[in-house]
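Visitor: Let me begin by handing over the structure; questions about it come next.
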Amino acid sequence: MASLPLTAERIDLPNSSSRQRVSLNEILSALSFALDLTEGAVPGHALRSCVLGMRLAGELGLRPRQRAALYYALLLKDVGCSSNAARLCQIIGGGDERRVKAGVKLEDWTKPNRPKLSTIQLLWKTVLPSAGVVERTAGILKIGLTQHRNNEEMITLRCDRGAHILRKLGLGNDAAEAVRGLDEHWDGSGYPERRIGNTIPLESRILAVAQHLDVFASEQGTDAAMKVLRERSGRWFDPELVRIAERLHRDGSLWQAALRDTPEGVTRSAAFELGPDTIDMLEEADIDLICEAFADVVDAKSTFTYRHSLGVTTAAVSIALALGLNEERTQLVNRAALLHDIGKLRVPNSILDKPGKLDAEEWRVVQEHPRLTREILSRIGQFGELAEIAGAHHEKLDGTGYPDKLTADRLPLEARIIAVADVYGALTENRPYRPGLALEQVVEIMSRDIPHKLDADCFEALISAVS
Ligand SMILES: [Fe+2]
Ligand SMILES: [Fe+2]
């Protein structure tokens, strides 16, 4: 594992529990649940894919370094996925891109001239949702005619972005290239480079098989998953990997701890067991880097929020410093602010980018995101307090916020700081329904909520920092 990871110190430990420090494995396996949200996948998809892929790799005798690269690539294979969400939403005329992403994984999109009924049904339910029959039919036909170009654009965006993030995290070239080649096909019909056979990195070929195994098994059962694998062997998938999957399927070992109803802790333990030989304990700077990378993933989802997490973080840290928080508490504010909207990866762009008012159901979906933020972050042992703070960023001191209507006595200073920074960030940024507001207007609007909803000291500190 020479190139992995980051600046981490490598020590041999049996597992990652009961320590103050956090391992690379623990943090990435937890944050992979955020990536499942963006793809509309069954929760735990990345983790199950990781178990399945590592099981296949176990039959290939990979070197430790290659196994480690594969492991992190499996967990992060969808890390570039938020970057094409807004464009996909646009292509389908403002429909729910998460539904399309989830549905398209069950379709054979290499045959646009022979679409299956299920493909047409998926498009009918998602394309131009507010249009009439004629306009929607025309929209679907247009999508069919431009499918190859759209596929290439969507996949290239996602794969390049994913590879870039893995490199930024210091996970090495092999892991980055594995993610980049996720959608290449054995027969050369994939993207982004239309590579053929063994010119596709082995790790990418494993990622592709593992991903499909989980998607189909989770939606249609393991027999259906194996059937698809057989049908696409030599076309999408490396035939040797299909043979290995067949063998493990027959002897009953392939799916152990990797089914959608397997308790999460069991799947996570299985992934840890199949993972790298050494546990990579992270330095504080490495944890910050991972938080920043996931803030980028969140911000990339919508053109309207492309700087939101970073902007809120700058404001929140400025407030923390102005209030004299010590280094440890300021670091907590920094990380919680970076990750506060990670649950928003669950919100489709049809809502995030909607130019008009949200209806009741859309508003309900939006209001779920702080709870999802808390759920995802609380999977990381060291992030218990951080999860609570980040998950409370839409709470108000008078109990009128969401999701838990917490009141002042339940809202620590760090949560109040992020709540103030979040409102400030949202008002200064462009939104689909209005441009970003000038500081004077922002101050005037926020003042109406002081002190009953937003903390007065935090607001004062913010104003002194930005004036
Ligand atoms: Fe939020
Ligand atoms: Fe936010």
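The values are calculated or read from the model by the stated rules, or taken from the named source; none is laboratory data. Owing to the predicted nature of the structure, the values given are computational and were not obtained by experimental measurement. Here the Cβ positions follow ideal geometry from the backbone for every residue, glycine too, while neighbour counts run over all protein chains shown.
Visitor: Considering only residues that are of a type in the set (A, V, I, L, M, F, W, C), crowded, with 18+ Cβ neighbours inside 10 Å and within 15 Å of ligand 2 (Cβ to nearest atom), look in the stretch 402-428 and name the one that is farthest from Trp363 (Cα to Cα).
Guide: Among residues in the stretch 402-428 that are of a type in the set (A, V, I, L, M, F, W, C), crowded, with 18+ Cβ neighbours inside 10 Å and within 15 Å of ligand 2 (Cβ to nearest atom), the one farthest from Trp363 (Cα to Cα) is Ile417.
Visitor: Within the stretch 280-314, how many residues are part of a loop (DSSP other than H, G, I, E, B), free of Cβ contacts under 8 Å to residues at least 60 places away in the same chain and in contact with a Ser or Thr (Cβ under 8 Å, 6 or more places away or on another chain)?
Guide: Total meeting the criteria: 0.
Visitor: Still on this structure: For Val317, which of the numbered conditions (1) buried (at least 17 other Cβ atoms within 10 Å of the Cβ); (2) within 16 Å of ligand 1 (Cβ to nearest atom) fails to hold?
Guide: Failed condition: (2).
Visitor: Would a scan of the stretch 345-355 turn up a residue that is of a type outside the set (Lys, Arg), closer than 26 Å to Leu282 by Cα and surrounded by 16 or more Cβ atoms within 10 Å (Cβ to Cβ)?
Guide: Among the residues of the stretch 345-355, at least one is of a type outside the set (Lys, Arg), closer than 26 Å to Leu282 by Cα and surrounded by 16 or more Cβ atoms within 10 Å (Cβ to Cβ), which makes the answer yes.
Visitor: Only residues in the stretch 217-237 that are over 19 Å from His45 (Cα atoms) count as the first member; pair them with residues that are acidic (Asp, Glu) and assigned to a loop (DSSP other than H, G, I, E, B), Cβ under 6 angstrom, at least 6 apart or cross-chain, and list the lot.
Guide: Arg235/Asp187
Visitor: Also, quick follow-up: Looking at this structure, is Ile165 surrounded by 16 or more Cβ atoms within 10 Å (Cβ to Cβ) and modelled with pLDDT of 95 or more?
Guide: So Ile165 fails the test.
Visitor: If you don't mind, another one. Give me the pairs, please: first residue somewhere in the stretch 382-402 and free of Cβ contacts under 8 Å to residues at least 12 places away in the same chain, second residue anywhere and within 15 Å of ligand 2 (Cβ to nearest atom), beta-carbon distance under 9 Å, and either six or more positions apart or on two chains.
Guide: Taking only residues 6 or more apart or on different chains, the pairs are Gly384/Leu377.
Visitor: Can you tell me how many residues in the stretch 376-394 are surrounded by fewer than 24 Cβ atoms within 10 Å (Cβ to Cβ), within 13 Å of ligand 2 (Cβ to nearest atom) and within 18 Å of the chain's Cα centre (by Cα)?
Guide: The number of residues fulfilling the criteria is 0.
For every residue, the table says whether it meets (1) modelled with pLDDT of 95 or more; (2) out of contact with any Lys or Arg (no Cβ under 7 Å at 6 or more places or on another chain).
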| site | (1), (2) |
| --- | --- |
| Pro432 | no, no |
| Gln441 | yes, yes |
| Ile445 | yes, yes |
| Asp449 | yes, yes |
| Lys453 | yes, no |
| Asp457 | yes, yes |
| Ala461 | yes, yes |
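Visitor: Here is a further query. For residues that are over 18 Å from Leu60 (Cα atoms) and more than 21 Å from the chain's Cα centre (by Cα), tally how many sit in the stretch 192-212.
Guide: Residues meeting the conditions: 4.
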